[in-house]
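Okay, structure first, notes after.
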């Protein structure tokens with residue numbers, strides 16, 4: 001049993017490489033896509049940890065590794081002190097009750113041939129809980145009411161619901177077994193803006209009521225600021241900065257984080273004095289990442305050492321760790337922040 005303030009999840013040197021093969025009959029490995037490459041972090045019991053970054057940086061792969069939907073190439077994932085990568089068979093099945101996931105696309109994550117009652121009840125069937133049909137139906141309708149769905153719609157099919165309602169069905173299914181950890185993989189990115197706030201507020205309320213620990217994957221920095229206690233920034237398979245939310249938005253240390261914040265849309269871009277950080281070049285391929293610091297090919301502060309020595313994650317103060325030889329100064333960070341923070345607050 002993990003108490004508040006202690007790590008629920010401990011990730012150490014997590015690696016996931018997808019092989020690149022050539023040939024039809026005799027396939028030969030010719031390379032690897034380094035989707036997640038030596039990632040380490042902790043998730044404190046009861047907190048919400050955000051993971052942000054551009055598309056293809058490894059956020060969703062990291063999430064799937066944590067809940068064992070993908071098997072890692074190497075590394076260690078400890079849940080309540082136990083290395084869950086060693087669990088097999090029935091031991092792994094029992095772990096599923098403690099860790100659940102909300103998927104990005106509510107349209108493809110629900111079986112269109114099943115009623116939502118059977119979809120939400122499926123975890124009970126798999127794990128042998130609530131064996132009586134009447135008990136299952138009662139519990140499912142309670143879950144539907146908890147997430148803001150009409151319990152009388154128990155026998156309807158997914159196509160009869162809107163995108164936001166389908167995502168609520170996914171939330172109800174994830175909560176059915178009473179998990180301790182909830183991994184939300186961009187749960188609102190496929191929804192209309194008008195619906196996003198409803199789903200986000202639902203997640204916050206449920207976390208408070210149920211005492212959940214949440215890992216929240218997103219690329220929208222305004223959403224992350226609204227939801228998360230701490231934020232990890234990923235770039236091409238690596239964490240480049242990890243900080244409490246207020247510290248990261250108040251004084252980002254890694255140039256990549258500063259560039260992300262400077263790209264937040266502004267209510268009044270004409271009247272803003274913010275310095276927009278335009279990154280040059282394309283995002284490198286994770287199959288052939290740059291040497292040493294992976295951001296050095298696009299970084300405005302890069303020096304020769306950045307292409308020779310990989311910077312470690314080091315303490316930069318205020319609870320922030322960042323992997324950078326030349327972190328942003330206060331003046332550089334402030335030039336990117338005022339309008340960005342104004343825009344974030346306007347979108348909350």
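Odds and ends about this structure:
- Of the residues making up segment 148-165, none is within 30 Å of residue 7 (Cα to Cα) and modelled with pLDDT under 95.
- Helices (runs of 4 or more DSSP H) contained entirely in segment 47-128, each with at least 2 residues that are free of Cβ contacts under 8 Å to residues at least 24 places away in the same chain and buried (at least 16 other Cβ atoms within 10 Å of the Cβ): none
- Options 143, 202: the member that is within 18 Å of the chain's Cα centre (by Cα), over 22 Å from residue 69 (Cα atoms) and in contact (Cβ under 8 Å) with a residue 12 or more places away in the chain: 202
- Residue in segment 129-136 that is within 27 Å of residue 195 (Cβ to Cβ) and touching a helix residue (DSSP H, G or I) at 6+ places or on another chain (Cβ under 7 Å) present: no
- The conditions of being in contact (Cβ under 8 Å) with a residue 40 or more places away in the chain, farther than 19 Å from residue 175 by Cβ, in contact with a strand residue (DSSP E or B) (Cβ under 8 Å, 6 or more places away or on another chain) and crowded, with 20+ Cβ neighbours inside 10 Å are met by residue 35.
The values are calculated or read from the model by the stated rules, or taken from the named source; none is laboratory data. Fair warning: this is a prediction, and the values are worked out from it, not measured in the lab. FYI the Cβ positions are ideal-geometry reconstructions off the backbone, even for glycines, and counts take in every protein chain you see.
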